[in-house]
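Here's the structure we're looking at; comments come further down.
The values are calculated or read from the model by the stated rules, or taken from the named source; none is laboratory data. What you see is a predicted model; the values in this text were computed from it and never measured. Note: ideal-geometry Cβ built from the backbone for every residue, glycine included; neighbour counts use all protein chains shown.
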Amino acid sequence: METSRVILALVAGLGLPGVVQATLVDRGGGLIYDTDLNVTWLADANYARTSGYAATLHGSGSDGRMTWSQAETWVAHLVYHDPVRNVDLRGWRLPTTLQPDPTCSVQSGGDSFGYHCTGSELGHLFYEGLGGKTATPIGTAHNGSYSLFSHGPDSLYWSGTEYAPDASRAWGFMFDSGSSLAGGKGNRMYVLPVRPGDVGIAAR
């Protein structure tokens with residue numbers, strides 16, 4: 001496994017056409033490591049629903065979406081059991097949104113939004129990790145790493161970054177278009193927890 005990644009890196013460094021170095025690595029146990037950002041994602045992009053947590057908030061028919069404050073509370077207290085390494089993982093958080101972000105298609109009054117926001121964690125996942133395309137649902141256009149995730153991601157997800165000009169709003173990312181935007185914290189969006197580091201090296 002390690003040898004294969006080294007070979008891929010060397011080949012990619014030669015600049016040969018058609019060769020792309022993967023940035024997402026399946027660590028097993030429902031965990032995906034991003035080698036570019038040095039973070040670990042939950043592979044279940046709607047774990048709030050499959051774990052049953054969302055039902056405690058909105059009833060048995062919940063689709064997994066929650067408000068920003070509910071999302072913040074959930075990830076802060078989330079304990080995920082990694083069956084491969086047999087450890088309970090804490091330290092989860094919402095993804096961050098870089099502001100300002102020079103990679104975004106729209107720059108306005110100090111705000112960065114729109115397409116190609118790869119400076120942010122969700123934007124980087126969409127474009128760099130999953131091979132998403134502008135104004136196209138990730139389920140329609142993606143690379144092979146998309147199959148590492150279950151239950152999407154294919155809709156609007158919260159980030160943990162508040163919208164500085166208005167404390168009642170926070171940044172989110174649309175996986176059905178590849179666009180970053182700010183929305184009211186009372187809206188319900190999906191949540192994709194992330195934690196720093198690589199569980200394949202040291203989990204705690």
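Can you confirm whether residue 121 is among the acidic types (Asp, Glu) and either more than 13 Å from the chain's Cα centre (by Cα) or over 23 Å from residue 49 (Cα atoms) (or both)?
no
Within the range 93-118, can you find the residues that are of a type in the set (A, V, I, L, M, F, W, C) and either crowded, with 18+ Cβ neighbours inside 10 Å or under 15 Å from the mean Cα position of the chain (by Cα) (or both)? First the steps, then the outcome.
First, the residues of the range 93-118 that are of a type in the set (A, V, I, L, M, F, W, C): 94, 98, 104, 106, 113, 117.
Within the range 93-118, 94, 98, 104, 113, 117 qualify.
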>> Just to be sure I understand the filter: pairs with C-beta atoms under 8 Å, separated by 6 or more residues or on different chains, first member in the range 70-92 and at negative phi and crowded, with 16+ Cβ neighbours inside 10 Å, second member in a strand (DSSP E or B) and acidic (Asp, Glu). Which pairs pass?
In response: 80/88; 82/88; 89/82
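Return the only residue of 119, 114, 131 being touching a Pro at 6+ places or on another chain (Cβ under 8 Å), at pLDDT 95 or above and not in a helix (DSSP H, G or I). Explain how you work it out, then say what you get.
Numbers: 114 fails: touching a Pro at 6+ places or on another chain (Cβ under 8 Å); 131 fails: touching a Pro at 6+ places or on another chain (Cβ under 8 Å).
Unique residue meeting the criteria: 119.
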>> Here are the criteria: (1) at pLDDT 95 or above; (2) touching a strand residue (DSSP E or B) at 6+ places or on another chain (Cβ under 8 Å). Tell me which single one residue 52 does not satisfy.
In response: (2)
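Could you pull out the residue among 141, 135 that is without any contact (Cβ under 8 Å) to a residue 60 or more places away in the chain and out of contact with any strand residue (DSSP E or B) (no Cβ under 8 Å at 6 or more places or on another chain)? I'd like the intermediate steps shown before the answer.
Numbers: 135 fails: out of contact with any strand residue (DSSP E or B) (no Cβ under 8 Å at 6 or more places or on another chain).
It is 141.
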> Among the residues of the range 134-148, how many are touching an Asp or Glu at 6+ places or on another chain (Cβ under 8 Å) and either in a helix (DSSP H, G or I) or under 20 Å from residue 182 (Cβ atoms) (or both)?
Replying inline: 1
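Of the residues 99, 107, which single one is out of contact with any Leu (no Cβ under 8 Å at 6 or more places or on another chain), over 29 Å from residue 28 (Cβ atoms), part of a strand (DSSP E or B) and at pLDDT 95 or above? So that I can check it myself, show each step before the final result.
Numbers: 99 fails: part of a strand (DSSP E or B).
None of the other options fit; the residue is 107.
Taking the range 164-204, which residues are among the aliphatic types (A, V, I, L, M), in contact with a helix residue (DSSP H, G or I) (Cβ under 8 Å, 6 or more places away or on another chain) and either surrounded by fewer than 20 Cβ atoms within 10 Å (Cβ to Cβ) or not in a strand (DSSP E or B) (or both)?
Hits for the range 164-204 are 191, 192.
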